[in-house]
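To start, the structure under review is shown below, and the notes come after it.
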Amino acid sequence: MNMMTDTLKVTKIADSKISSVDFNNLAFGTVFTDHMFVCEYKNGAWQNPEIKPYGPISMDPSAKVFHYGQAVFEGMKAYKDDNGKIFMFRPEENFNRINKSSERLAMPAFDKDYFFDGLNTLLNLESDWIKPGKDNSLYLRPFVIATENGVSASPSTEYKFIIICAPAQAYYSGEVKVLFADHYSRSADGGVGFAKAAGNYAAQFYPTELAKQKGYQQVVWTDANTHEYLEEAGTMNVFFRVGDTLLTAPTSDRILDGITRKSLIELAKSEGINVEVRPVKVSEIVEAAENGTLKEMFGAGTAAVISPISGFTHKDKEFDLPTLEEPYGARLKQHLTALQANRAEDPFGWRYEVPTIAV
Ligand SMILES: Cc1ncc(COP(=O)(O)O)c(C=O)c1O
C-alpha cells in the first residue's frame, strides 16, 4: 500500500440540487448527491484524490473496463442520529473487501488513508443528504474501474476509484419468493464468487430474469458442482430458521463474505439464538418445509438489511413459509438497524462515528 501523499482537493458545486429531490419518494439507487470522490491510479500509485461535482466521466472507448470487465465495487451506508452525528457501519470491512476483490481481478489495492479521508470529507460535504430518522440512510457506492486504453487482454495499468452516494429510505422488496437454482450457477470453486466483481452480477441477470418470468423475485444459488447446497442470493446472503436454529452457509471462494451476514451471526448469538454456520443442504430445507419445521428464510445484505422470503420452489415443487407473530428476521433487523443508526448500544464496536470536518 502506498503512503498517502497528495492532499484531497475539494471543488464544490455552485447550486445544490437537493431542493428538487423528494426524499419521501426515492427509488433505491436512482438519485445521487451533488458530489463524488475520485482518485486515479497511474505510474504505480494512487494519486490526485479529489471531491468534485457529481457528473459524467469521460473515457476512451478502448478503456479496459469496457472489454475485460476489470471492475469491482462496494455497498455501504451512512446514518445520521437525532443530534446530527453521522455514523457508518463497519466501514473498514468494506475497505478490506474491496481490496480483496481488486486483488482477485489483478487490480491494485486502494490506500486506506485516501479511502477514509475521501469518505469522511464527502459525508461532511453531503451531510444535508443524510436524513435522520428510522429507515433513512445514504447509500454509498465505492467502485474501481480499469481506465487504461487498449484492447489487449491484460490487466490495466491505470484505474479510477470513485465513490458516489444515493439517499435511501427503507427498502421494501414486497413479497419475495425464490427459486433454488438447479441448472445455472453464480460461481464456481476457484472462481470470483467471493469478490464483489461487476461481472458476477451481469452473469446472474439472465437466469434471474428467467426466474422472474416464472414469478420469482430472486434465485438462491446452489453449489455449481452438485446443486445440492444452498449458497446465497443475488445481492444477499441467506439464512434459514429450522425449529429455533438459524442456519447459514459458511463463506468460501464461491460466496461473498457479507458484512450483514457476519454481524447477524454475532447479534443472533448475543440474543441467545442458536446459530449454525455449516453447509445447508437443499434436501434438508425441503424436508423441513414438508414437516413444518422450516419457520423462516431471509436474505441479508446492506441494501435491505433483512428481506423476508415467503416461499421457495425447488424442481417445480413449491413451498410456502408460515407467517410468524415474532419472526427472528424482524427482531434482528430492528436490533441491527437501531445499532447502526446510534439508537441502540453497540457492545461489538461496529459503529464508526464520522469525524466532523470543515468543508
Ligand atoms: C452477492 C452478494 N452477497 C451478499 C451480499 C451482502 O453483503 P453485505 O452484507 O456486506 O452488504 C451482497 C451485497 O453486498 C452481495 O452482492
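Could you list all residues from segment 267-289 that are touching a residue at least 12 places away in the same chain (Cβ under 8 Å), acidic (Asp, Glu) and in a helix (DSSP H, G or I)? Talk me through it step by step, then tell me what you get.
Looking only at segment 267-289, we keep the residues that are touching a residue at least 12 places away in the same chain (Cβ under 8 Å), and these are 267-268, 270-271, 273-286, 288-289.
Imposing the further condition that a residue be acidic (Asp, Glu) reduces the set to 271, 276, 284.
Selection gives Glu284 alone.
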Search result, residues across segment 300-312 that are near the ligand (Cβ under 8 Å from one of its atoms) and closer than 12 Å to Val238 by Cβ: Ala300, Gly301
Enumeration of residues in segment 235-261 that are of a type in the set (Phe, Trp, Tyr) and within 13 Å of the ligand (Cβ to nearest atom): Phe239
Residues of segment 235-249 satisfying the condition of being closer than 15 Å to Ser187 by Cα and surrounded by fewer than 21 Cβ atoms within 10 Å (Cβ to Cβ): Thr235
So Ala166, is it outside any strand (DSSP E or B) and within 18 Å of the chain's Cα centre (by Cα): no
Some residue of segment 298-308 being modelled with pLDDT of 95 or more and either in a helix (DSSP H, G or I) or surrounded by fewer than 14 Cβ atoms within 10 Å (Cβ to Cβ) (or both): no
Filter result (in contact (Cβ under 8 Å) with a residue 40 or more places away in the chain and either within 14 Å of the ligand (Cβ to nearest atom) or crowded, with 22+ Cβ neighbours inside 10 Å (or both)) within segment 203-234: Gln218, Val219, Val220, Trp221, Thr222, Leu230, Glu231, Glu232, Ala233
Filter result for Leu264 (near the ligand (Cβ under 10 Å from one of its atoms), crowded, with 17+ Cβ neighbours inside 10 Å, part of a loop (DSSP other than H, G, I, E, B) and modelled with pLDDT of 95 or more): no
Scope segment 190-201; condition closer than 21 Å to Ser173 by Cβ and surrounded by fewer than 22 Cβ atoms within 10 Å (Cβ to Cβ); matching residues: Asn200, Tyr201
Contacts under 6 angstrom Cβ, first residue in segment 246-259 being without any contact (Cβ under 8 Å) to a residue 60 or more places away in the chain and over 22 Å from Arg90 (Cα atoms), partner away from the ligand (no atom under 12 Å from the Cβ) and not polar (S, T, N, Q), 6 or more apart: Leu247/Phe240; Leu247/Glu276; Leu247/Val280
Qualifying residue in segment 83-94 (condition: outside any loop (DSSP other than H, G, I, E, B), basic (Lys, Arg) and in contact with a helix residue (DSSP H, G or I) (Cβ under 7 Å, 6 or more places away or on another chain)): no
Test result for Arg97, within 16 Å of the ligand (Cβ to nearest atom), in contact with a Phe, Trp or Tyr (Cβ under 6 Å, 6 or more places away or on another chain), in contact (Cβ under 8 Å) with a residue 60 or more places away in the chain and under 26 Å from Gln169 (Cα atoms): no
All positions within segment 128-157 that are under 28 Å from Met107 (Cβ atoms), touching a Ser or Thr at 6+ places or on another chain (Cβ under 8 Å) and not in a strand (DSSP E or B): Thr147, Glu148, Asn149, Gly150, Val151, Ser156
Residue pairs meeting the criteria (Cβ under 6 Å; at least 6 apart or on separate chains; first closer than 12 Å to Ala106 by Cα, in segment 63-78; second within 14 Å of the ligand (Cβ to nearest atom) and among the charged types (D, E, K, R)): Val72/Lys196
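The values are calculated or read from the model by the stated rules, or taken from the named source; none is laboratory data. All values derive from a computational prediction rather than experimental measurement. Here Cβ is always computed from backbone atoms with ideal geometry, including for glycine, and neighbour counts include all displayed protein chains.
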